[in-house]
Amino acid sequence: MTKARLLRLSVVLVSIFMILLIIVYWDNVGTAHFYLHTSFSRPRSPGAIAAGEDWEALPDVDEFLAKLLSSSLKHNSSIPRKTEQLLIQGSNKPVISNLEENVRGYDWSTHKDRNSMDQEKLQVERQRTLREFCANSSFTFPTKERSFDDIPNYELNHLIVDDRHGVIYCYVPKVACTNWKRVMIVLSESLLDQGVPYRNPLDIPREHVHNTSTHLTFNKFWRRYGKFSRHLMKIKLKKYTKFLFVRDPFVRLISAFRSKFELENEDFYRRFAIPMLKLYSNHTNLPTSVSEAFGAGLKVSFSDFIQYLLDPRTEKMAPFNEHWRQVYRLCHPCQIDYDFIGKLETLDEDAAYLLQLLKVDRLLRFPPSYRNRTASSWEDNWFAKIPLAWRQQLYKLYEADFVLFGYPKPENLLKD
């Protein structure tokens, strides 16, 4: 009887071991090739995973997986010089083929980089603010108290993983996410052009950048790793460098409105503009195409858009679209301990500093900003015709993003 039990146990252990070996060696994205270039992430040192250090506080299964992965890793802290030179090469200016990029254009002017010591202090302050409010029991918002394990898999689709450099980026639409996605594609070599990985971020066509198949995201782990997916996520969250970029919430809404409803966007017209025009502007028999609607002068107003956001029926139908969904719902900042918090308001300095910290600044540079980026000074004009009560409700809807990321309460918009 005892021998039979031992045999069954042996079979189970061998099966588990084989599954793990398949995970490590068969994964074509490169889980077994952690090229950890990072040196500034708080909980760890760059060589910790290779040396098998700093695994404390991991559950037993996580620790087992981590050590198994560690035993197969070939630590490589640099990219061959030939590859490095290829990455530096490439066109200096983009070939603009997208309507939105044609409208906005690029700002190629130089910007004076913030002193690295100032940047370091800035990061400390941003992270301190975030942690304090996440720990403050008197400040509440939906989903704040749940654990990482409580987050549904479909809500992890904004976390892009680069296993080659040990980086996780949570993208926030309307916060330079197109160009940060381009950077992640170059770093991870997840997209090829005639069999060769892209080297210059701006050479990557916009339609490929936003194709979900281009990026390895956390929500894809289940298909790849099955029941081990959460354990592997936790290991990567502990060992990798995690960053996001944020923006003044109200300015982000204005930017989303401008790009999705002031430009001809067929998808957004059919999915959002038609219902808004019917519900809040009392239009009927609307054209089926956005070009016909624009030709007839039928456009969603900013007032229509705000009503749509405040309407309780909106979220009963479906969660907010990612372009106006709150950052705390996209990136889970109270469940994930981010190592770097960038802001669009200081994009040029923050991006340069982050690439230095990741030790990839010699491989590529961050693409330039749009020259007519939506400015915070526009808020008063955009909200001038929005009733005070609506503005106050809108602030409550996005209050967590204001508070967690240190944006001042827009008092001038919330009082008579």
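Within segment 131-169, count every residue that is in a loop (DSSP other than H, G, I, E, B), of a type outside the set (S, T, Y) and surrounded by 15 or more Cβ atoms within 10 Å (Cβ to Cβ). It would help to see each step written out before you state the result.
Filtering segment 131-169 for residues in a loop (DSSP other than H, G, I, E, B) gives 136-147, 151-152, 157-158, 163-166.
Add one more test, that the residue is of a type outside the set (S, T, Y), and what stays is 136, 139, 141-142, 144-146, 151-152, 157-158, 163-166.
Next cut, surrounded by 15 or more Cβ atoms within 10 Å (Cβ to Cβ) only: 141, 144, 151, 157-158, 163-166.
Adding up the residues that qualify gives 9.
In segment 379-416, the qualifying residues are those that are open to solvent by 70 Å² or more (accessible area, probe 1.4 Å) and under 25 Å from the mean Cα position of the chain (by Cα), and the one that is farthest from D304 (Cα to Cα) is P408. Here A375, A352 are screened, and the one residue that is out of contact with any helix residue (DSSP H, G or I) (no Cβ under 8 Å at 6 or more places or on another chain), open to solvent by 10 Å² or more (accessible area, probe 1.4 Å) and of a type in the set (A, V, I, L, M, F, W, C) is A352.
Of the residues R391, R362, which single one is basic (K, R), over 14 Å from P201 (Cβ atoms) and assigned to a loop (DSSP other than H, G, I, E, B)? Walk me through how you get there before you give the answer.
Details: R391 fails: assigned to a loop (DSSP other than H, G, I, E, B).
Checking each option against the conditions leaves just R362.
Per the listing K220, K242, K236, the residue uniquely assigned to a helix (DSSP H, G or I), open to solvent by less than 10 Å² (accessible area, probe 1.4 Å) and within 19 Å of L330 (Cβ to Cβ) is K236. The single condition among (1) out of contact with any Asp or Glu (no Cβ under 6 Å at 6 or more places or on another chain); (2) farther than 24 Å from D361 by Cβ that H231 does not meet is (1). Entry remark, segment 254-269: residues being part of a helix (DSSP H, G or I), touching a Ser or Thr at 6+ places or on another chain (Cβ under 8 Å) and not aromatic (F, W, Y) number 4 in total.
Return a yes/no flag: does segment 189-205 have any residue that is surrounded by 20 or more Cβ atoms within 10 Å (Cβ to Cβ), under 19 Å from D339 (Cβ atoms) and aliphatic (A, V, I, L, M). No, segment 189-205 contains no residue that is surrounded by 20 or more Cβ atoms within 10 Å (Cβ to Cβ), under 19 Å from D339 (Cβ atoms) and aliphatic (A, V, I, L, M).
Residue count for segment 263-294 satisfying the condition of being within 31 Å of the chain's Cα centre (by Cα) and under 19 Å from P319 (Cα atoms): 10.
The values are calculated or read from the model by the stated rules, or taken from the named source; none is laboratory data. None of these values were measured; they are calculated from a predicted model. For neighbour counting, all protein chains shown are included, and Cβ atoms are generated from backbone atoms with ideal geometry for every residue, glycine included. To get the accessible areas, we keep the full protein, side chains included, count just its heavy atoms, and leave off ligands, DNA and RNA. Shrake-Rupley method; radii C 1.70, N 1.55, O 1.52, S 1.80 Å.
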